[in-house]
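Visitor: Mind having a look at this structure? Questions to follow.
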Amino acid sequence: MHWLARHRLVLLGLIAAFWTALVALAHFFPSAPFLSAVWNGERSFSDLLRRDGRKTAVHSDFVFVGIDQQSLQLNAVGGEEAAGNRALELMLQKPYPWSREVWALLLDKLFQSGARLVIFDIVFSSTNEGDPQFRAALDKYRERVVIGSNIDVQINAQGVQKENVVPNESLIPPPQAADDRVGFVNFWRDVDGIIRGTEFHASNGELIYDSLEARAMKKLGDGDAVPGDFEEHAIRFGPEAAYPPRALYELFLPKAWHANYQDGAFFKDKIVIVGMSAQIGHDVHPTPIDENMYGPALHLHTLAAALDRQFLREVPFRADYIFILIAAALAWAVVAFVRRPLFCILVLAGFVVAYLIAARVLYDRAGLLLIVVPPMVVFTGTGVFGLGFEYALERREKMRTRRTLERYVSKNLVKEILENPGGYYSSMLGSRKAVTVLFSDLVGFTSLSEQADPAALVSQLNRYLSAMVPMVFDNGGTLDKFIGDAIMAVWGNVSSHGPAQDAKAAVRAALGMRKMMAKLNDEWRTEGIIPLAFGIGINHGDAVVGNIGSYEPHERLDPTVIGDAVNLASRLEALTREYRVDILLGAGAAELVADEFHLRAVDLVQVKGKTEPVDVFTLIGSRAETVDAGLLKWLQSYEEGIKKFRGRQFTEAKILFSQFLEFYPDDFLAKMYLERALRYEKAPPDASWNAVEVFTKK
């Protein structure tokens, strides 16, 4: 067995180790080209779960009052409508930020309507007009109001410095951060710039700050549910459009207050957050469910998740690598022991689908973010590359098997067996097909073998066969067998391109063998080796095709062809010695190839074992190649002479053969027919003579 095959399990393990190492490197070098895609893909997949998976229920008691563009410009409010309306007058007096008396008026309006809690996603860090009125309102409703602060993070030589920017002293007395009405509004983005969770507490090393949500939950009576750590908590978001902004100015516009808010009844028991919704405020943040979520809406999503205990849990980092190692080992085991490729692919795909379903189920039901992309990269990478290695190994082994088989079996037969075994075995159970058979045999080789050095003779024979066999393969033939120095080849038994094309391919192979023989003899003469000559017989006809041999006790079968067409090809090869030509064709093959090759009539013969005479021809050459024009011209006299001869016109035949011999005096066939014509001219044959030469020997 080849070295790769012996160590396949180790090599598959190396593939698994490679993908595991690649994913590990991707974590430690997140900015490296291509590697970053692995863990970025994991974040993208978790975002997909957040978008398509189970959501936190929408809290119908949450209201987002937005400082929108209309509230900033008040284009929709006329002078008459603003007259006598203190809030609208203040909003029209100066651009935003307005007098903070507006917020005091808003608090009065909301709480008089029965609002449960009002949250300001605004940091009132500087002093402004109306601070006394707003402070009075904050004090009045201190148990039902929360306002924002902002943690400013600075990185300098001393490290990370956090400063809490709090409401000014005119609103909240120091220390403002300790006041239960003040919570920080910050969200911290992940490395890819997306907000997926929140921190409920922060510290600068000395003081502890609570978030806006933490303050709100305590005032709502759910303070015990606020996490007591400083970790970021991933949240399950609600639907994207859960908390649309409502225009602030409408709350002060009597007709809108009446039509849209039922004169304040709408706000009964509501939790209201006030914040910026105008584009100019730039208070938008990228989240998994919305690339531009308003900051106040983000706070409401966070508050809803916290109140409903809809925090998401991530698998610990160490456990991530356990999953990755398990994925690598599982893929290795599948590829190593599931040897059928299609079934292996189905098993691999099944594991992937099952894991994805498990990830979705765990997310929906348990809020668990199972690591998915890195182990799937390792699993599929190991599986695909492992299958590729197995395919390459199998292909290599198949090629080795094919090369080994081709030393004993014809190439096209090997191809059919390996690529279409079912069809091949069915076809070789036994069938009758039109085939073209070629027999080739060396002239006088038996006598030569008795005199020559055995080693030199075997070497010469191998050179001869090595030159002849490619001519069969190059022309799509099947090497049926070697019979000593003889070659038997067949066209149309394994696959056929039609009788004419099969016959022409056989003749092309014979021409190629003729050329190779001439080349070999030139080389042997140069080397002082006795040249060789061969005879080739080609015949076309029906034959029985099948596996011939013994099934018991040990199966040994030989795919071959049998029948009269095969026997005649063998007889024609033997007759090449009688007619001093190297190639003879039967009438069936000659008729199929005459349009592409120049043929010459030889004789009408009756071979041993046949009762019907057969017209045989010899091959001159291809019509596509240059052939002696003079020979073709005077062959017309030769062919006409044969017709006269067979028509018992011996004197006319004698003249025609004599004319041909004037130009080709050494031509054996013309001399043979001249001798016959002269003999029959002197002593004509009886009436039963039919110009058939009968051969009683094989």
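A short reminder: the numbers here are calculations on the coordinates, not readings from a lab. No experiment lies behind these values; they were computed from the predicted model shown. Positions of Cβ are backbone-derived with ideal geometry, glycine not excepted, and every protein chain shown enters the neighbour counts.
Visitor: Over all directions, how big on average is the projection of the convex hull of the alpha-carbon atoms in the chain, in square nanometres?
Guide: 56.1 nm²
Visitor: Could I ask something else about it? Work out, step by step, the length gained on full extension between VAL694 and ASP308: first 0.36 nm times the residue separation, then minus their alpha carbon distance; give nm to one decimal.
Guide: 128.1 nm
Visitor: Roughly how large, in nm² to one decimal, is the mean projection of the convex hull of the alpha-carbon atoms in segment 52-211?
Guide: For segment 52-211, averaging the hull's shadow over all directions gives 13.1 nm².
Visitor: Taking Cα atoms, how many degrees apart are the long axis of helix 668-682 and the longest axis of the chain, rounded to 10 and kept between 0 and 90?
Guide: Once rounded, the angle reads 40 degrees.
Visitor: Also, I was wondering about something else. Run the numbers for LYS519 and ASN40: contour at 0.36 nm per residue of separation, minus the present Cα-Cα distance, in nm.
Guide: Value of the extension gain: 165.6 nm.
Visitor: For segment 70-205, what relative contact order do you get, as a whole percent, if you take Cα pairs closer than 8 Å and at least 6 residues apart?
Guide: Dividing the mean separation by the residue count of segment 70-205 yields 18 percent.
Visitor: Something else about it: For q values of 0.18, 0.19, 0.27 Å⁻¹, compute log₁₀ I(q)/I(0) with the Debye formula on a Cα-only model of segment 640-692, without solvent.
Guide: Here the Debye-derived log intensity ratios amount to -0.50, -0.55, -1.02.
Visitor: Can you give the angle from 0 to 90° between the axis of helix 499-527 and the longest principal axis of the chain, with both taken from C-alpha atoms, to the nearest 10?
Guide: Between the helix axis and the principal axis of the chain, the angle is about 70 degrees.
Visitor: Name the residues whose placed amide hydrogens come within less than 5 Å of the amide hydrogen of ILE151, ignoring near sequence neighbours (fewer than 5 apart) on the same chain.
Guide: Excluding prolines and chain starts, which carry no amide H, the hits are VAL165, VAL185, ASN186.
Visitor: Å³ per residue of the Cα convex hull, for segment 126-197?
Guide: 128 Å³
Visitor: For helix 341-366, report the angle its Cα long axis makes with the longest principal axis of the Cα atoms of the chain; keep it between 0 and 90° and round to the nearest 10°.
Guide: Taking the Cα atoms of the chain, the angle to 341-366 is about 10 degrees.
Visitor: Further question on the same structure: So how do VAL338, VAL102, VAL627 line up by other beta-carbon neighbours within 10 Å, fewest first?
Guide: Least crowded to most crowded, the residues run VAL627, VAL338, VAL102.
Visitor: Could you state the orientation-averaged shadow area of the convex hull built on the Cα atoms of segment 517-671, in nm² to one decimal?
Guide: Average projection, Cα convex hull of segment 517-671: 13.6 nm².
Visitor: Near LYS643, which lysines are there with a Cα under 20 Å away, not counting those fewer than 8 places off in the same chain?
Guide: The reachable lysines, counting only those whose Cα sits under 20 Å from LYS643, are LYS633, LYS654, LYS671, LYS682.
Visitor: Considering only the other residues whose Cβ falls under 12 Å of the Cβ of ASN292, what net charge follows from Lys and Arg at +1 and Asp and Glu at -1?
Guide: The answer is -4.
Visitor: Could you order the peptides 608-617, 490-499 from most to least packed, using the average number of other C-beta atoms within 10 Å per residue?
Guide: The most tightly packed comes first, giving 490-499, 608-617.
Visitor: For LEU220, put the label point 7 Å out on the Cα→Cβ axis and report which residues of segment 122-156 keep their amide N under 14 Å from it.
Guide: Residues 144-146 qualify, since their backbone N sits under 14 Å from the label point.
Visitor: Rounded, prolate or oblate: which fits segment 112-164, taking a ≥ b ≥ c as square roots of the Cα gyration tensor eigenvalues, rounded meaning a/c under 1.5, else prolate when a/b beats b/c?
Guide: Prolate.
Visitor: For segment 208-286, what's the radius of gyration and Dmax over Cα atoms, in angstrom?
Guide: 16.3, 47
Visitor: To continue, here is another question. Would you kindly derive the ³J(HN,Hα) couplings of segment 281-287 from the backbone phi angles with the Karplus curve 6.51 cos²θ - 1.76 cosθ + 1.60 (θ = phi - 60°), listing them in order in whole Hz, with x for Gly and Pro?
Guide: For segment 281-287, the Karplus curve yields x, 6, 9, 10, 9, x, 10 Hz.
Visitor: What FRET efficiency do you get for PHE317 and GLN69 if R0 is 35 Å and r is their Cβ-Cβ distance, rounded to the nearest 0.05?
Guide: In this case the efficiency is close to 0.20.
Visitor: Round to the nearest 0.05 the FRET efficiency obtained for ARG580 and GLU527 when R0 = 25 Å and r is the Cβ-Cβ distance.
Guide: 0.40
Visitor: What is the extension gain from ALA683 to PHE473, computed as 0.36 nm multiplied by their sequence separation minus the C-alpha to C-alpha distance, in nm to one decimal?
Guide: The ALA683-PHE473 span can extend by a further 70.5 nm.
Visitor: Normalised by the number of residues in the chain, what is the relative contact order in percent for Cα pairs under 8 Å and 6+ residues apart?
Guide: Computed over the chain, the figure is 11 percent.
Visitor: Convert each backbone phi in segment 220-236 into a coupling constant with the Karplus relation 6.51 cos²θ - 1.76 cosθ + 1.60 (shift: θ = phi - 60°), then list the ³J(HN,Hα) values in order as whole Hz, x for Gly and Pro.
Guide: 8, x, 10, x, 5, 7, 6, x, x, 9, 10, 7, 7, 10, 5, 10, 8
Visitor: When ranked by the protection proxy of mean other Cβ atoms within 10 Å per residue, highest first, what sequence do the peptides 463-473, 297-307 form?
Guide: Descending mean neighbour count gives 297-307, 463-473.
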